[in-house]
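Shown next, in C-alpha cells, is the structure this report addresses.
Nothing in this text is a laboratory measurement; each read-out follows from the coordinates by a stated rule. Small disclaimer: the values here were computed from a predicted structure and weren't measured.
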C-alpha cells in the first residue's frame, strides 16, 4: 500500500530478496516487518507491568494490543510471528509457509494500512442508502 512507511517497505523488500537465497532469514525479516508495521500503527513497544516498571513488550503482546484497537488480524500476525520465530531461533524456513506468509502479509497490509474492508463497507452503505439509484445529474432534475 502507498501508505506503508519507509521502514516497513525496506524490510519487506529485504524479505523478498532473502526469499531466493535464505528462507530462514526471510522468515526472520517477515517478523521484523510485523514489528515495524505495529510501530507504524502506533502500537506501543513498552508498557507498565506488575511492579509498575516500564518493560518492552514482545511481539505477541503487541499483536494483542492491536487486536483490541483493530480486531480481526490476530491470527495472521500470530502465523507471521511463528514463522518468523522459527527462522530467527531455529534457522528454519519452509517454502510453502513463507509463501503463505507473503499472502497473509499482503492481506493484512491492505486491511490495516489501506482499510480495504472499511472502504468497501462504506461503498455498500452508500449504495444501500440510495437503494441502488444513480445520483441525479446536473440539469437532469429540470428536464435538461
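For this structure, a couple of remarks:
- Cα-based helix-to-principal-axis angle, 59-69 vs the chain, degrees rounded to 10: 20
- Full extension of the chain between residue 124 and residue 56 yields a length gain of 20.4 nm, computed as 0.36 nm times the residue separation minus the alpha carbon distance.
- Degrees, to the nearest 10: 6-19 long Cα axis against longest axis of the chain: 60
- Cα gyration tensor category, rounded, prolate or oblate, for the stretch 19-58 with a/c compared to 1.5: oblate
- Convex hull of Cα atoms in the chain, direction-averaged projection (nm²): 13.3
- Convex hull volume of the Cα atoms of the stretch 46-116, normalised per residue: 96 Å³.
- With Cα atoms, 0 to 90° folded angle of helix 116-129 axis to the chain main axis: 20
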